[in-house]
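Asker: Have a look at this one before I ask anything.
The values are calculated or read from the model by the stated rules, or taken from the named source; none is laboratory data. This structure is a prediction, so every number in the text was calculated from the model and none was measured. A quick note on method: Cβ atoms are made from the backbone with ideal geometry, for glycine too, and the neighbour counts reach across all protein chains shown.
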Amino acid sequence: MVTAFAFLAGVLLPCWGEPLHIGSSVMKINGAKCSHHSNCQSDCCLINLDNGGSYCAPKAGYTMVCLPQTKGATNIVCPCRPGLSCITKDLMCPRRCHIL
């Protein structure tokens with residue numbers, strides 16, 4: 001068990017915080033500037049309304065405000081993490097991520 005942990009640590013730690021490379025494209029970490037949701041490891045590129053740019057952000061977690069994934073390049077609110085669905089339980093409240 002210790003050997004397996006040491007092996008994984010030796011493989012993973014040198015890459016900690018580095019962008020993920022898939023094919024020839026580089027997947028950006030949260031906080032990095034992006035132009036399309038497919039640029040991001042999290043698959044969510046948010047519009048920053050304060051300064052006009054956009055950045056990679058984590059997907060919404062349980063009970064967090066969400067919107068379904070758009071076909072456009074960027075989002076104003078991220079979609080839910082895998083296993084959660086973006087639904088509303090009250091028409092007066094925004095959509096939130098819930099387990100179905």
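Asker: I'm trying to understand the selection: among the residues of the range 75-92, which are assigned to a loop (DSSP other than H, G, I, E, B) and among the small types (G, A, S)?
Answerer: The one that is assigned to a loop (DSSP other than H, G, I, E, B) and among the small types (G, A, S): G83.
Asker: Same structure again: May I ask you to verify whether G61 is closer than 14 Å to R95 by Cα and either among the charged types (D, E, K, R) or at pLDDT 90 or above (or both)?
Answerer: yes
Asker: Report, by residue number, each residue of the range 64-76 that is surrounded by 13 or more Cβ atoms within 10 Å (Cβ to Cβ), hydrophobic (A, V, I, L, M, F, W, C) and either closer than 7 Å to C97 by Cβ or modelled with pLDDT under 90 (or both).
Answerer: M64, C66, L67, A73
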